[in-house]
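The values are calculated or read from the model by the stated rules, or taken from the named source; none is laboratory data. Computed from a predicted structure; not experimentally measured. Using ideal geometry, Cβ is built from the backbone for each residue, glycine included, and neighbour counts are taken over all protein chains shown. Surface areas here come from the heavy atoms of the whole protein model, side chains and all, with no ligands, DNA or RNA. Shrake-Rupley method; radii C 1.70, N 1.55, O 1.52, S 1.80 Å.
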Amino acid sequence: MYCQKVCLIGASAVGKTSLVRHFVDGIFADKYLTTIGVKIDKHQVVTKQGEVQLLIWDIEGTDRFCGFNTRYLNGANAYIVVLDQSRPKSAVDALTLLSMAKDYSDAPAYLAINKSDLNGQLSQDLHAQLENAGFAQVINTSAKTGENVEQLFRSIAEQEVVR
Ligand code: GDP
């Protein structure tokens with residue numbers, strides 16, 4: 001079995017922690033707890049190639065100036081940029097965070113357009129920018145209904161490992 005490190009970044013309250021909780025524990029909590037620093041979880045995925053241990057780093061953002069500690073991306077095999085489709089500002093932040101991450105890491109970037117259970121507020125223009133930003137995959141998720149949560153992490157577990 002091999003291990004893959006995957007990081008989650010995104011503006012606060014987009015649903016990073018909820019996505020991890022849904023994937024790891026199968027639960028959705030409506031309570032709001034701000035992530036402090038970084039939280040690390042492990043979860044095994046059985047793929048066609050065998051078992052993969054995902055080491056999931058849920059990284060706190062610094063919202064005042066839209067950023068995060070890029071050093072947390074050290075050794076990452078993939079990272080997920082998360083946005084809340086009901087808050088267009090979080091999509092603009094996602095583009096900023098992607099360019100920060102790309103400056104630091106060559107790992108493939110996945111985009112989770114989260115809260116797909118809520119009304120989408122992203123303009124066509126913003127959608128187009130996100131589609132063309134260089135993500136390996138763009139996927140609509142909901143930590144509330146569970147839509148595509150397993151698939152998101154599974155596609156990372158199944159990707160070719162960048163060594
Ligand atoms: P984080 O700061 O990015 O880790 O965000 P959290 O996971 O703490 O979620 C922030 C808030 O959004 C919480 O109240 C969650 O219950 C809620 N939330 C997270 N994901 C979803 C989702 O997919 N749909 C809905 N409706 N609410 C969500």
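Answer yes or no as to whether Ile156 is in a strand (DSSP E or B), at pLDDT 95 or above, under 16 Å from Phe23 (Cβ atoms) and β-branched (Val, Ile, Thr).
In short, no.
Can you name the residue in region 24-43 that is surrounded by 12 or more Cβ atoms within 10 Å (Cβ to Cβ) and more than 14 Å from Gly146 (Cβ to Cβ) and is also modelled with the lowest pLDDT among such residues?
So in region 24-43, the residues surrounded by 12 or more Cβ atoms within 10 Å (Cβ to Cβ) come out as 24, 28-29, 35, 38-41, 43.
Now restrict to residues that are more than 14 Å from Gly146 (Cβ to Cβ): 35, 38-41, 43.
On the way: Thr35: 62, Val38: 88, Lys39: 89, Ile40: 90, Asp41: 91, His43: 94.
Among them, the one singled out is Thr35.
Name the pairs whose Cβ atoms lie under 8 Å apart, with the first residue in region 104-120 and on the phi > 0 side of the Ramachandran plot, the second buried (at least 19 other Cβ atoms within 10 Å of the Cβ) and hydrophobic (A, V, I, L, M, F, W, C), and 6 or more positions between them or separate chains?
The qualifying pairs are Lys115/Val14; Lys115/Ala143.
Being part of a helix (DSSP H, G or I), touching a residue at least 40 places away in the same chain (Cβ under 8 Å) and surrounded by fewer than 20 Cβ atoms within 10 Å (Cβ to Cβ): is that true of Arg21 here?
Against the criterion (part of a helix (DSSP H, G or I), touching a residue at least 40 places away in the same chain (Cβ under 8 Å) and surrounded by fewer than 20 Cβ atoms within 10 Å (Cβ to Cβ)), Arg21 qualifies.
Name, by its number, the condition in (1) farther than 20 Å from Gly37 by Cβ; (2) of a type outside the set (D, E, K, R); (3) open to solvent by less than 40 Å² (accessible area, probe 1.4 Å) that does not hold for Pro88.
(3)
Look at Tyr110 and say whether it is aromatic (Phe, Trp, Tyr), in contact with a helix residue (DSSP H, G or I) (Cβ under 7 Å, 6 or more places away or on another chain) and over 19 Å from Arg21 (Cβ atoms). If you could, list the steps in order and put the result at the bottom.
Numbers: aromatic (Phe, Trp, Tyr): yes; in contact with a helix residue (DSSP H, G or I) (Cβ under 7 Å, 6 or more places away or on another chain): yes; over 19 Å from Arg21 (Cβ atoms): no.
Considered against the rule, which asks whether it is aromatic (Phe, Trp, Tyr), in contact with a helix residue (DSSP H, G or I) (Cβ under 7 Å, 6 or more places away or on another chain) and over 19 Å from Arg21 (Cβ atoms), Tyr110 comes out as no.
Can you give me the number of residues within region 46-58 that are touching an Asp or Glu at 6+ places or on another chain (Cβ under 6 Å) and either open to solvent by 50 Å² or more (accessible area, probe 1.4 Å) or more than 14 Å from the ligand (Cβ to nearest atom) (or both)?
Here the count works out to 1.
Across region 94-149, which residue is nearest to Gly75 (Cα to Cα) among those that are open to solvent by 70 Å² or more (accessible area, probe 1.4 Å) and of a type in the set (D, E, K, R)?
Going through the qualifying residues, I end up with Asp106.
For the structure I just gave you, tell me whether Ala29 is in contact with a Cys (Cβ under 8 Å, 6 or more places away or on another chain), aliphatic (A, V, I, L, M) and not in a strand (DSSP E or B). So that I can check it myself, show each step before the final result.
Details: in contact with a Cys (Cβ under 8 Å, 6 or more places away or on another chain): no; aliphatic (A, V, I, L, M): yes; not in a strand (DSSP E or B): yes.
Judged against the criteria, Ala29 is not a match.
Considering every residue within region 83-102, establish whether at least one is closer than 25 Å to Glu51 by Cβ, out of contact with any Asp or Glu (no Cβ under 6 Å at 6 or more places or on another chain) and touching a residue at least 40 places away in the same chain (Cβ under 8 Å).
no
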